[in-house]
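The values are calculated or read from the model by the stated rules, or taken from the named source; none is laboratory data. Treat the numbers as computed from the prediction; the structure is a model and nothing was measured. Heads up, the Cβs are rebuilt from the backbone with ideal geometry, glycines too, and the neighbour counts pull from every protein chain shown.
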Amino acid sequence: MEDYDGPEDVVRRSRPEVPVTCFRPAALKSAARWFLHNFPGKTLYAVKANPDPFVLAGLFEAGITHFDAASLPEIEQVSTLCPGAHIAFMHPVKSRHAIEHAYFDYGVRDFSFDSLAELDKIVATTGNSKDLGLLLRLAVPNVNAEMPLNDKFGCLPAQALALLRAARKVSARLGICFHVGSQTMNPDAYVTALGLCGDIMRQMPRTAVDIIDIGGGFPSAYPDMTPPPLSEYKAAIERGLDALPHPNRYEFWCEPGRALVAECTSVLVKVELRKGDVLYINDGTYGSLFDAGHMGFRYPVRLIRPTPDAVSAAGITPAVQIAGTKPAGGRKSALKPFRFYGPTCDSIDYMPGPFFLPDNIGEGDYIEIGQLGAYGNAMRTGFNGFSAHEIVSVKTPPVVSMYADTTETTDDPEFCVA
Ligand SMILES: Cc1ncc(COP(=O)(O)O)c(C=O)c1O
């Protein structure tokens with residue numbers, strides 16, 4: 001991976017024709033450090049948020065040695081890049097093929113389930129082994145989440161007792177896990193969910209639970225979604241854990257995806273055409289911007305403008321101008337709301353924003369789109385042939401950060417988060 005000072009440097013040196021992922025190793029480290037220092041238990045990285053090898057290797061190097069995998073390819077990837085790591089297979093519905101290979105080929109012992117059929121499947125496929133960690137996925141309210149996840153998975157509290165008792169008989173370790181929904185904006189969601197776990201455990205005092213796994217859901221910062229500081233999530237979780245019956249008896253796990261990796265990459269895209277307030281850019285919902293289209297996420301954006309290229313043909317690297325700043329001898333342009341269309345021919349390759357950018361933006365300009373480390377490249381497809389993208393490493397900090405006290409974050413006023 002090539003090193004650059006920052007996205008401006010990428011534009012200056014290479015004028016990229018494909019979207020460029022700008023990876024910030026320092027930001028990844030800061031996020032890892034926060035969880036390792038603040039969560040009172042094991043932090044399992046939810047690989048689905050970003051399985052890129054440089055992210056997995058970076059987290060492992062930063063001290064994250066536990067991983068939540070949803071599929072066999074994720075397990076294979078983690079096993080290769082993070083030797084000796086603990087991998088839990090936390091998808092509540094798995095194929096027998098995947099369970100068998102995870103257990104026998106990759107040494108995975110911890111599995112989640114939310115039904116008797118899945119429990120039976122895990123036990124049978126692993127040959128009635130006596131060393132399983134079985135975690136029951138409980139459905140909990142997702143009302144505070146921007147992306148609720150409780151329709152598809154999770155047993156109702158009323159079903160939990162029978163499932164836990166059945167799992168206790170066939171497990172070496174028994175756990176309860178849940179997910180409060182992705183991008184959870186209210187820390188009390190964890191208190192409510194842990195309260196439900198406590199209610200269940202009080203009803204089965206003779207069935208010992210070993211692991212409480214509070215899942216993911218920790219937020220990142222976006223222009224119109226500023227969550228409370230992570231310290232409030234830590235305080236709420238500690239309150240919820242303390243209120244459990246026998247709080248010192250359990251091992252605590254969490255499975256952050258978004259919060260660990262959102263800040264570690266931005267994507268540099270090129271404007272191919274402007275029509276009024278619409279910008280046609282070279283990345284879209286079939287690329288790294290699925291959430292900007294289908295979930296209406298507004299990512300922070302800023303314009304990076306190459307200056308006229310009269311000298312580049314002569315082999316001299318042209319300068320870049322950070323738009324919104326005052327160009328030499330020019331005037332600063334006002335910010336205006338824009339909508340984006342991606343590069344494919346599909347009309348739903350559309351990102352409504354609004355994304356606030358200087359009014360004078362046009363073809364040939366570049367836009368840096370921030371906070372795309374989570375669920376960005378992970379969702380990329382090759383639809384219409386637009387799969388090509390580059391990855392570079394940059395030194396500049398993320399502009400929006402939940403880890404301001406542990407990162408040298410900048411409040412760069414040019415990043416248009418309005
Ligand atoms: C089981 C499980 N754990 C963790 C996560 C990560 O969630 P987040 O990215 O909101 O932290 C997910 C996301 O879908 C999940 O399904």
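What strands (runs of 3 or more DSSP E) completely inside segment 140-215 contain at least 1 residues that are in contact with a Phe, Trp or Tyr (Cβ under 6 Å, 6 or more places away or on another chain)?
211-213
Of the residues that make up segment 4-23, is at least one in a loop (DSSP other than H, G, I, E, B), buried (at least 17 other Cβ atoms within 10 Å of the Cβ), within 16 Å of the ligand (Cβ to nearest atom) and at pLDDT 95 or above?
no
For residue 192, all conditions in the list (1) away from the ligand (no atom under 16 Å from the Cβ); (2) hydroxyl-bearing (Ser, Thr, Tyr); (3) under 22 Å from the mean Cα position of the chain (by Cα) hold save one; what is the number of the exception?
Evaluating residue 192 over (1) away from the ligand (no atom under 16 Å from the Cβ); (2) hydroxyl-bearing (Ser, Thr, Tyr); (3) under 22 Å from the mean Cα position of the chain (by Cα) leaves (3) as the failure.
Within segment 206-265, restricting attention to residues that are of a type in the set (S, T, N, Q) and buried (at least 19 other Cβ atoms within 10 Å of the Cβ), which residue is farthest from the ligand (Cβ to nearest atom)?
265
Considering only segment 159-179, I want to know if a residue exists there that is out of contact with any helix residue (DSSP H, G or I) (no Cβ under 7 Å at 6 or more places or on another chain), under 30 Å from residue 221 (Cα atoms) and not aliphatic (A, V, I, L, M).
Scanning segment 159-179 turns up at least one residue that is out of contact with any helix residue (DSSP H, G or I) (no Cβ under 7 Å at 6 or more places or on another chain), under 30 Å from residue 221 (Cα atoms) and not aliphatic (A, V, I, L, M).
Here are 110, 52, 105: which of them is under 24 Å from residue 219 (Cβ atoms) and of a type in the set (Asp, Glu)?
52
Out of curiosity, is residue 89 assigned by TED's automatic domain parsing to the domain that holds residue 166, aromatic (Phe, Trp, Tyr) and closer than 26 Å to residue 290 by Cα? Give the derivation first.
Values: assigned by TED's automatic domain parsing to the domain that holds residue 166: yes; aromatic (Phe, Trp, Tyr): yes; closer than 26 Å to residue 290 by Cα: yes.
It is true that residue 89 is assigned by TED's automatic domain parsing to the domain that holds residue 166, aromatic (Phe, Trp, Tyr) and closer than 26 Å to residue 290 by Cα.
Just to check your reading of the model, which residue among 63, 58 is assigned by TED's automatic domain parsing to the domain that holds residue 177, in contact with a Pro (Cβ under 6 Å, 6 or more places away or on another chain), more than 16 Å from the ligand (Cβ to nearest atom) and farther than 21 Å from residue 126 by Cα? Outline the logic, then answer.
On the way: 63 fails: in contact with a Pro (Cβ under 6 Å, 6 or more places away or on another chain).
58 is the lone residue from the list that is assigned by TED's automatic domain parsing to the domain that holds residue 177, in contact with a Pro (Cβ under 6 Å, 6 or more places away or on another chain), more than 16 Å from the ligand (Cβ to nearest atom) and farther than 21 Å from residue 126 by Cα.
Return the total of residues in segment 119-149 being away from the ligand (no atom under 14 Å from the Cβ), more than 20 Å from residue 251 (Cα to Cα) and charged (D, E, K, R).
Qualifying residue count, segment 119-149: 2.
Among (1) of a type in the set (D, E, K, R); (2) modelled with pLDDT of 95 or more; (3) farther than 14 Å from residue 166 by Cβ, where does residue 152 come up short?
(2)
If you check every pair at least six apart or on different chains, which have Cβ atoms under 6 Å apart with a residue in segment 44-64 that is aromatic (Phe, Trp, Tyr) first and a residue that is within 9 Å of the ligand (Cβ to nearest atom) second?
45/260
Restricting segment 104-118 to residues that are charged (D, E, K, R) and away from the ligand (no atom under 16 Å from the Cβ), which is farthest from residue 68 (Cα to Cα)?
Here is the first cut: in segment 104-118, the ones charged (D, E, K, R) are 105, 109-110, 114, 118.
Keeping just the survivors that are away from the ligand (no atom under 16 Å from the Cβ) gives 105, 109.
Numbers: 105: 17, 109: 12 Å.
Top of the filtered list is 105.
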